[in-house]
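Some notes on the structure that comes next.
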Amino acid sequence: MSTNQPAGAAAPGAPGTGPVTAHGDDGPDPRRLRIILITVCIALMAVIASVSGLNVAQPDLAVEFGASQSTVLWIINLYTLTLAALLLPLGALGDRLGRKPTLIAGLAVFGVASALAGLAPSAEVMLAARLLSGVGAAMIMPITLAVITSTFPEEQRGRAIGVWTGVAGGGGILGMFLSAALVDVANWRYLFVLPVALVVVALVMALRAIPDSREAPKHSFDTVGALTSVVAAVGLIFALQEGPERGWSDPATLTGLVAGLLAAVAFVVRELRLRDAALLDVRLFRERGLAGGSLTLLTVFGVQAGIFVVLFPFLQAVLGWSGIRSTLALMPMAVAMMAASGLAPRLTPRIGARATMATGVLLAGAGLALMAGIVSVHGGYPSVLPGMLAMGLGMGLAMTPSTEAITGSLPRERQGVASALNDVTREFGTALGVALLGALLSAGYRDAIDGRLHDVPRGAADAAREGVANAVAAAGGAGPRAQALVDAARQSFVEGWQQAMWAGVAVMGVLFLYVLTRGPKNPVPVPAREAEAEAEAEAEAEAEADPEVLSAR
């Protein structure tokens, strides 16, 4: 039996919750709903900002701890690896144990871990803090969306999800900008002040505003399914993260890939066998909504992550911009994405979910084509800005109906699992996009620069083959060929960029055709569903009053 409570009432006896409505039968209190939405978005922002924040402090971490580049990358990646691995099982536990207590516990764990990371005296303590932060984040992230889907009335849910997706998509860019600003004006340890502050605010607001909802489970928790899902996520994401760094034939990369694939197969086989008792009913992927929404989010977030891999070296190594200026240059894309996420719920009822998603995918693909076609060394930032804006608008339009399609495909009592699946899809897409588009960029760069290293001293030429930043740094050892080496590296980077972007255009083209033909069906409008429900209720009442029915009983 479900104990879900609508926005108009708190769970009986739930501590810290009060009535959400202020007007009885008039419906949910809009002010209370706004506070709930603000609370979950603040909590989500803390998690999202911590995903990318430490990227701007890699040199500082290496110096502070005397750490190798591999250790620094583990400090950064361990958080996202833990987050992705635990999303599904902790989202399912949140449905069972209560979404409010799970959110509060997650905020507490995340806040303590973030404070510990800011005070870490060694790389080992820092790694432990990042691991613990990932555990807390995996408790927070799926619950924030599950609170929306289980609390907001259906007619207001789309707009709330639009705000959530805007924060999830644009929050990472905003977090990078604030992190870069803090590193420039203060110290890398101040990076953890922001998440701790956000957690404190979210915790206070959650205790006062978030209504509790939980499900009385019909079956025992699928522990084996949870463990196999963890192994699958860790193995696959580890392989995607380490493949570009170690090499795809490296034993560690291959071990992670094989273990992840075997665990994924074992998870699917088990869930098919358990059916109703499964952690995730994988048969639901036959439905257009779940399959189309998941594939769209996977692709869109993969392309976004791949673009960041391309944009930062372009802005810093090709244009010579600082970290904070480069991050600020991404803000128009974030603003466009957040604005389009808010527009999508208004557009969907008019043209349909499928058409909204297809429009978003088409715009995002056009943005990639613009960046591939007009980018140039001498064109600078104006040559990439139109493509960034189109990408931001397209992603915003595609993300909100995709998220709604995923959460709407699972029953109300599985909204923690639905939200976790939505988040896992994003994390896998991010890892996949970085690995694939990053590899295409590197390959295109190396192919282009090999033909431009004539008469360059061997040491400088070898360094230049490693990347555009390495070429700029090694130019001092190239003698009279220094400027020619820098120019060659920058032009080669642009050619590698174009190769990666055209590959992205092809992927988005395939996704566009898929959404058009297999995208989620347009949902029945809320008033029509209400009218249908009322008609069914009237029919049942008439049947109950029928003397023949009563006598038959």
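Read the figures in this text as sums done on the coordinates, not as results from a lab. Just so it is clear, the model here is predicted, and its values are computed rather than measured. We place every Cβ from the backbone using ideal geometry, glycine too, and count neighbours over all the protein chains shown.
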What is the order of 404, 466, fewest Cβ neighbours within 10 Å to most? 466, 404
Do you know the relative contact order of the chain, to the nearest whole percent, from alpha carbon pairs under 8 angstrom that are 6+ apart? 18 percent
Options (i) 24.9, 104; (ii) 24.2, 72; (iii) 35.2, 104 are given for Rg and Dmax of the Cα atoms in Å, and the computed one is (i)
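Please rank 376, 68, 442, fewest neighbouring Cβ atoms within 10 Å first, as an exposure proxy. Can you show the working numbers first?
Numbers: 376 14, 68 11, 442 17.
So the ranking, lowest neighbour count to highest, is 68, 376, 442.
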Rounded to the nearest 10 degrees, the helix 385-409 long axis (Cα) sits at an angle to the longest Cα principal axis of the chain of 30 degrees
Is the shape of segment 1-216 best called rounded, prolate or oblate, per the rule: a/c under 1.5 gives rounded, else a/b larger than b/c gives prolate, else oblate, with a ≥ b ≥ c the square roots of the Cα gyration tensor eigenvalues? prolate
State the answer as a single residue: which of 239, 59, 440 lies farthest towards the positive end of the charge dipole of the chain, with beta carbon charges of +1 for Lys and Arg and -1 for Asp and Glu, about the Cα centre. 59
Can you sort 276, 222 from fewest to most other Cβ atoms within 10 Å of each residue's own Cβ? 276, 222
Taking Cα atoms, the helix 482-518 axis meets the longest principal axis of the chain at an angle in degrees (rounded to 10) of 20 degrees
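Roughly how many debye, to the nearest 20, is the charge dipole of the chain about its Cα centre, given +1 on each Lys and Arg Cβ, -1 on each Asp and Glu Cβ, and no other charges?
With only Lys, Arg, Asp and Glu charged at Cβ, the dipole is about 860 debye.
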